[in-house]
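The values are calculated or read from the model by the stated rules, or taken from the named source; none is laboratory data. What you see is a predicted model, and the numbers here were worked out from it, not measured in a lab. Don't worry about glycine lacking a Cβ; one is built from the backbone with ideal geometry, like all the others, and counts go over all protein chains shown. The protein model used for the area step is the full one, side chains on, heavy atoms only, and it has no ligands, DNA or RNA in it. Shrake-Rupley method; radii C 1.70, N 1.55, O 1.52, S 1.80 Å.
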Amino acid sequence: MRNTMARFLFVFGILGLWTQAGCGESNDKYDSYTLFRLYPKDELQLDAIKLFEDPSNSIEVLKKSRGFNDSTDILVPPERLTLVEKIAKENHFNYQAKNNYGKSFESIEREPRRRVLRAFNVFEYHSYASIQEFIESMASKHPELIKLQPLGLSYQGRKMKLVKISQNHNAGNPIIFIDAGIHAREWVAPAMALYLIQRLVMDPEARKYDLRGVDWYILPVVNPDGYEYTRSGKTHRMWRKTRSKSAFADCYGVDGNRNYGFYWAVSGVSKNPCDTETYAGHKPFSEPETQMVRDVMLANADRLKLYVSLHAYGQYLVYPWGYTADYLPQQWKKLDELARNVSVAVQRAGGRPFRVMSAGQWYPAAGGSDDFAFGAVHVPYSYTMELTDGFEFLFPESHLSTVLPQFYEGFKVFGSRIRNEFSKRRCARHDDVVGNDDDVGDVEG
Ligand code: 0X9
Ligand code: ZN
């Protein structure tokens with residue numbers, strides 16, 4: 001095993017130097033990539049997988065496994081294929097491989113012209129401009145329910161607006177704040193946020209129950225520059241970070257979910273601005289986009305009772321702490337129990353269950369918005385929700401109409417809990433038991 005590892009590291013090292021020195025990006029970059037889905041079955045294999053995560057290997061880690069029975073998904077460029085196959089076989093990995101991965105990318109060139117003639121379809125993926133048009137038009141048609149709050153401009157100058165949905169904006173209701181799309185390639189997350197907006201406003205049942213005594217604040221695309229970049233061609237479809245230019249290197253982007261100022265950069269981050277995945281930024285809140293989310297949280301700290309950050313993929317529903325696996329917040333049982341109720345509701349609607357745990361138990365990574373909301377802003381319920389299982393980041397449009405309503409059932413449970421626990425206007429829509437109000441503090445995980 002040791003020998004294999006040593007050889008593996010050596011060959012990777014050589015190849016790493018070669019690829020970094022020589023290669024430009026072709027337009028169909030991912031067409032020749034292979035998706036490997038590796039199922040580790042023991043600690044040694046889990047360790048071996050970590051070697052794939054070194055960014056100098058030009059392998060892109062799409063998803064990390066949570067121990068056994070869960071896959072680590074990696075995208076392998078053609079020049080690494082033989083080697084990865086060899087390592088996988090030598091180490092007796094149970095794995096699946098899908099060649100020519102980029103060829104399965106859906107065409108994204110249909111907007112914007114065609115859409116002008118017809119209504120916005122929430123079961124499709126849209127350009128940022130169309131998304132903005134949609135929220136503007138919803139707000140002008142339903143001024144009694146929706147207020148748009150301008151938050152500022154993204155790094156590249158895109159306008160960002162918070163969608164506030166309430167039956168009475170002056171009632172001082174508890175607030176549920178949902179954001180999506182901090183990671184550019186996770187398209188199903190903004191799609192879910194837009195579906196939530198449409199459903200809360202257009203569905204009479206939702207108006208009657210889900211808006212009762214609770215305000216919903218939704219920011220559908222936290223990282224619009226990155227989002228548009230992933231739409232700008234197949235080569236960029238797997239982009240994750242923002243698009244800010246580094247002052248220290250000729251590289252772009254920061255991982256927005258490593259950029260929040262709570263135990264910033266203590267685990268699971270890269271300090272290298274050229275790391276395409278987890279660069280934490282040169283300081284906390286270096287990005288205008290994370291500053292805007294922070295400011296929404298801080299401005300509403302007293303009423304903010306639930307924060308959910310929508311991501312993809314893997315069907316996880318995780319809670320703080322994300323920065324460590326060593327301990328859990330004292331209130332973890334409450335967080336855990338609500339997450340399980342949400343999962344059950346999604347399952348009852350025909351969806352897949354969520355894997356529920358603390359984010360750090362999945363893999364420790366600091367600087368996430370969930371930890372900041374919980375630890376710094378003291379939002380009592382804070383989650384990261386990883387939507388969908390299957391298709392990786394390329395969740396097909398044709399399946400949105402099935403899964404988004406299923407996930408909505410989970411949001412009803414979230415809404416009920418916040419209403420029952422914090423609203424002056426309690427009325428149970430769901431059988432949702434309230435847990436104990438524990439003091440803040442940590443316990444061993
Ligand atoms: O790593 C992340 O930022 C999230 N997963 S993703 O595949 N969408 O990138 C998980 C974040 C969980 N929360 C923290 N680690 N704080
Ligand atoms: Zn994400």
Taking the range 302-338 and the residues there that are in a loop (DSSP other than H, G, I, E, B) and among the polar types (S, T, N, Q), the one that is nearest to ligand 2 (Cβ to nearest atom) would be Gln315
Within the range 266-323, the count of residues that are open to solvent by 10 Å² or more (accessible area, probe 1.4 Å), closer than 13 Å to Asp371 by Cβ and among the β-branched types (Val, Ile, Thr) comes to 2
Selection from the range 171-209 of residues of a type in the set (Asp, Glu) and either more than 18 Å from Leu404 (Cβ to Cβ) or crowded, with 24+ Cβ neighbours inside 10 Å (or both) yields Asp179, Glu186
Result of the Cβ filter at 9 Å on the range 370-394, keeping first residues that are more than 16 Å from ligand 2 (Cβ to nearest atom) and assigned to a loop (DSSP other than H, G, I, E, B) and partners that are at pLDDT below 95 and open to solvent by 10 Å² or more (accessible area, probe 1.4 Å), at least 6 apart or interchain, is His378/Val440; Pro380/Asp437
Of the residues in the range 339-355, those that are surrounded by fewer than 20 Cβ atoms within 10 Å (Cβ to Cβ) and not in a helix (DSSP H, G or I) come to Ala349, Gly350, Arg352, Pro353, Arg355
Within the range 225-263, the residues that are out of contact with any Phe, Trp or Tyr (no Cβ under 8 Å at 6 or more places or on another chain), open to solvent by 40 Å² or more (accessible area, probe 1.4 Å) and assigned to a loop (DSSP other than H, G, I, E, B) are Ser232, Ala247, Phe248, Asp250
Look at Asn168 and say whether it is open to solvent by 30 Å² or more (accessible area, probe 1.4 Å), more than 16 Å from ligand 1 (Cβ to nearest atom) and of a type outside the set (Phe, Trp, Tyr). yes
Residue set Asp179, Asp250; condition of a type in the set (Asp, Glu) and within 13 Å of the chain's Cα centre (by Cα); output residue Asp179
Checked the range 356-376 for anything open to solvent by 40 Å² or more (accessible area, probe 1.4 Å) and of a type in the set (S, T, N, Q); matches are Gln361
